[in-house]
Amino acid sequence: MVMVVPRLQGLASPNSLSFLDKRIATRVLLSNALGSRRLRFSATTRLGWCGDEPLHHHKQQSTALHATTVMSTQDLGAVERAAPVSTPEMEVLLDMLKWDKQGLLVAVAQHVDTGAVLMQGFANRDAVSATLASRRATFYSRSRSSLWTKGETSSNFIHILDVYIDCDRDSIIYLGKPDGPTCHTGAETCYYTSALQLLQGGGAKPLLPTLLSLESTIAQRKAEEITNLAAKPSWTKRLLENPKLLCSKIREEADELCQTLEASEGKARTASEMADVLYHAMVLLAAQDVKLEDVLATLRARFTQSGVEEKNSRLKQV
């Protein structure tokens with residue numbers, strides 16, 4: 001059974017909404033009120049409004065649509081290519097999007113934990129519907145004129161946790177977790193060619209957020225340590241070679257971070273000390289063959305759990 005729960009979270013007060021937005025909101029409320037034998041509705045479904053946010057003169061103040069589709073585990077495991085699902089709520093959502101003359105919009109896939117941009121494609125109504133219904137990133141192939149689900153040939157699916165719509169409603173982000181490399185070349189992301197690197201005669205440079213870029217550098221130093229490659233002196237390599245030194249530095253930097261609070265040393269000092277803590281902690285992760293992605297996934301899993309409950313559960317396991 002598929003459950004589609006549209007939730008409208010407004011960026012403006014009801015009085016400032018356009019006629020279209022009011023009509024959409026009304027359709028959602030009526031649809032939820034009527035219900036359907038095919039649907040189960042969450043008690044958290046709501047229509048809420050908050051604050052005013054200035055927009056450019058050519059844009060109308062509008063609601064921000066956040067759609068969540070939940071499927072049972074039995075439904076999730078079955079098919080390779082996702083199939084679209086039509087419900088009143090799904091059609092309301094799709095009607096809100098601004099499709100181009102070919103009935104398409106840009107769909108960008110982004111890693112939910114690392115923030116890395118994985119790939120970009122195009123989606124039509126059926127592709128968006130199929131993605132929400134199956135929780136697998138699905139696109140529309142302009143060359144083949146058909147839907148395709150990322151991973152249907154490679155098994156490297158992108159499992160979707162949410163779909164975000166931009167302010168103009170003409171592009172979306174598939175926020176999810178990939179099973180493996182996204183690019184057909186075997187790269188983690190399709191974006192590994194830097195224009196600046198090309199201008200300077202350099203090679204490939206993966207598009208990585210700051211912490212992942214740091215993790216990549218630390219991994220390179222670890223590889224140099226293992227292969228004994230001749231390289232310039234490296235503090236990272238010294239730490240990797242000396243676990244006792246590494247642990248002492250982590251304790252030292254953590255203490256200095258706490259001092260910024262105790263001595264009211266200010267934002268700049270706190271940021272500097274936190275950067276030191278993060279760096280040394282990430283060297284320790286590399287020494288233990290733990291990925292930052294694993295840490296972020298663990299944090300995300302705790303979002304719906306009370307910190308007190310989580311600590312108590314760990315104490316019971318000891």
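Here are the numbers:
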quantity: Relative contact order (percent, whole number), region 152-311, Cα cutoff 8 Å, 6+ residue spacing; calculated: 13
quantity: Solvent-accessible area, 1.4 Å probe, carbon plus sulfur percent, for region 75-215; calculated: 55
quantity: Region 153-311 - accessible surface per residue (Å², probe 1.4 Å); calculated: 64
quantity: Under Karplus coefficients 6.51, -1.76 and 1.60, residue-wise ³J(HN,Hα) of region 204-220 in Hz, glycine/proline x; calculated: 5, 9, x, 7, 10, x, 3, 5, 5, 5, 5, 4, 5, 5, 4, 5, 5
quantity: Peptides ranked, highest mean first, by Cβ atoms within 10 Å: ranges 153-164, 104-115; calculated: 104-115, 153-164
quantity: Options Thr138, Tyr174, Ser154, ranked by Cα towards positive dipole end of region 124-175, top entry (Cβ charges); calculated: Ser154
quantity: Scaled radius of gyration (Cα, divided by 2.2 N^0.38 Å) that region 229-279 gives; calculated: 1.38
quantity: Calculated from backbone phi, Karplus (6.51, -1.76, 1.60) coupling profile of region 263-271 in Hz, x at Gly/Pro; calculated: 9, 6, 7, x, 5, 4, 5, 5, 4
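The values are calculated or read from the model by the stated rules, or taken from the named source; none is laboratory data. Please read all numbers here as calculations on a predicted model, not as lab measurements. Reconstructed Cβ throughout: ideal geometry from the backbone, glycine too, with neighbour counts over all protein chains shown. Just so you know, the surface numbers come from the protein's heavy atoms only, side chains and all, with ligands and any DNA or RNA stripped out. Shrake-Rupley method; radii C 1.70, N 1.55, O 1.52, S 1.80 Å.
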